[in-house]
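Below is one structure, written out as structure tokens, with a few remarks after it.
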Amino acid sequence: MELSMTISLLLFLCFIFFICKLFLQKRNQCCYLVGYECYRAPDDMKLDTETCGKLVLRNKNLGLNEYKFLLQAMVNAGIGEETYGPRSVINGTEDTPKLSDSLSEIDDIVFGTLDKLFANTGVSPSEIDILVVTISMISSVPSLPARIINRYKMREDVKVFNLSGMGCSGSVIGVDLVHHLFRTYMNSFAVVVSSESLNPNWYCGKERSMMLPNILFRLGGCSLLLTNKSSMKRKALMKLKLSVRFHGGSSDEAYESCTRIEDSQGYCGFFLTKTLPKAAAKAVAMNLRVLVPKTLPLRELFRYAIASFLYSRNNHKGKAPTLNMKSGFQHFCVHPGGRAVIDGMGRSLGLNEYDLEPTRMALHRFGNTSAAGIWYVLSYMEAKKRLKKGDRVLMISLGAGFKCNNCVWEVMKDAMDDVNVWEDCINRYPMKFTANTKFLEKYSWIHESDPELSKKFEKIENRFES
């Protein structure tokens, strides 16, 4: 009898232990965003019409045909007058970049955002357990994470991860990595730093497909503070609900759609192929195939299944059924990679102009800031007081390889209204029209020599005036 009671008691205690272990594991798998900071460069690094014009005209490899192409691309890119460029471009030394200038550029971004992050959150650098750095297109010895550790005198046992070449998906990949690490490292703080090194990677040749990144990419970066400490739950801005990653690099077409190469003259730059939109569309579709069943409500999945069945029974006549992504998300942080990227993502996700406004305005004000871009979008939402407790935010980013990565956040508080980098300009946004007509005014002599181009620009000017 006593033996039976003893065995029963041991089984009961084992059951309680197992339940407690599951509870603790589940609790430590949480990933909270405590704070984030985006980088805003000094005003003397702005690439306005005057500066961009000088930059183009001093490139002796370009002629009238290249001027026409660049003018049309600049006007239609959706980028405004206040984006920031690397110091070498401002100073006119983009064809002879120096390592010291490149490291100085990264130091300004990384240390500038981290200083603010630690000050605003009240977390000391000595409390950081995990450091993830996702900065592409630059390599240094000691490494970039080592520069951070030395600057802030972080602990000797900090876990360091240096991810290079991740491109525009870098910050989401960093968040996903931290989320997985939190399953092993309990009660931890993690910092994710993301940026892109533009100083040594400005293209000085004349290949059209390689000139586009010069028009789109601009200086920027961000730093994030994440934790799985339950004591920080009330201070957290958002909670990570899910992250999904897709990598289509096994396909040669996708792999070669965006690469860094040398042109026929030996100038290095990014080569964008015509298959890039196809690779991006496939990556997004494959990613959503995993994301949608886990995030959208059953009623929406059931509605879509019935509509798809009826559509197929009707021999695919009429409009194809689409998923209502807004049934699962209230906000969308789409990667501000360019106007074409934003338009394509809007169509794929079924978004309207209100949904895409933060992304378009982030592109207009700051340009394509690579991996940090989606955080400028989130900052716009916060500055406009769009975010409410319980709202779900879908962050979706694209990157060379070809990759599509996203993460789903839940807003933890109503008081998300920090204007962050939008402090000096948020009252001017949104803008109804983002075409940069100042280029037309200043460089009208370029398109006046081409009647067809003049007609296109005349339509743009008429739209702007109306």
### Task
Heads up, I need the accessible area for E256: 1.4 angstrom probe, whole protein in place, Å², nearest 10.
100 Å²
### Message
Across segment 244-362, what fraction of all alpha-carbon pairs, as a whole percent, falls in each successive 5 Å bin from zero upward?
### Response
2, 9, 15, 17, 18, 16, 12, 5, 3, 2, 1, 0
### Message
Give me log10 I(q)/I(0) at q = 0.17, 0.20, 0.27 Å⁻¹ for segment 396-442, Debye formula, one equal scatterer per alpha-carbon, no solvent.
### Response
-0.95, -0.97, -0.96
### Query
Using the Kirkwood formula over every pair of different C-alpha atoms, what hydrodynamic radius in Å results for segment 112-193?
13.2 Å
### Message
If I take the Cα coordinates of segment 116-156 and project them onto the principal axes, what are the three extents in Å, biggest first?
### Response
31, 20, 16
### Task
Express in Å², to the nearest 10, the accessible area of K46 obtained by rolling a 1.4 Å probe over the protein heavy atoms while all chains stay in place.
40 Å²
### Stretch gain in nm, segment K159-K389, where the contour uses 0.36 nm per residue and the Cα spacing is subtracted
79.6 nm
### Query
Rolling a 1.4 angstrom probe over the protein heavy atoms, how many square angstrom per residue are accessible across segment 69-114?
35 Å²
### Query
What is the chain's relative contact order, in percent, from Cα pairs under 8 angstrom and six or more apart in sequence?
22 percent
### Message
Could you tell me how many cubic angstrom of Cα convex hull volume segment 350-389 has per residue?
### Response
86 Å³
### Query
Once all Cα-Cα distances of segment 263-323 are split into 5 Å bins that start at 0, what whole-number percent is in each one?
3, 14, 14, 15, 16, 12, 6, 5, 4, 5, 4, 1
### Message
So if I take the alpha carbon set of segment 43-104, get Rg, then get Rh from the Kirkwood formula, what is the Rg over Rh ratio?
### Response
0.99
### Query
Using only the Cα atoms, what convex hull volume per residue in Å³ does segment 376-424 have?
71 Å³
### Message
Taking every alpha carbon pair in segment 191-298, what does the distance histogram look like in 10 angstrom bins from 0, in percent?
### Response
11, 26, 32, 20, 9, 1
### Message
Could you work out [θ]222 nm for the chain from helices alone, using -39500 (n - 2.57) per DSSP H run of at least four and dividing by all its residues? Round to the nearest 500 deg cm²/dmol.
### Response
-14000 deg cm²/dmol
### Message
What is the percent carbon and sulfur in the accessible area of segment 101-210, measuring with a 1.4 Å probe over the protein chains and ignoring ligands?
### Response
50 percent
### Query
If the viscosity is 0.890 mPa s and the temperature 25 °C, what Stokes-Einstein diffusion coefficient in µm²/s follows for the chain when Rh is the Kirkwood radius over Cα pairs?
103 µm²/s
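The values are calculated or read from the model by the stated rules, or taken from the named source; none is laboratory data. Everything numeric in this text was worked out from a predicted model, so none of it was measured. Note: areas computed on protein heavy atoms with side chains; ligands, DNA, RNA excluded. Shrake-Rupley method; radii C 1.70, N 1.55, O 1.52, S 1.80 Å.
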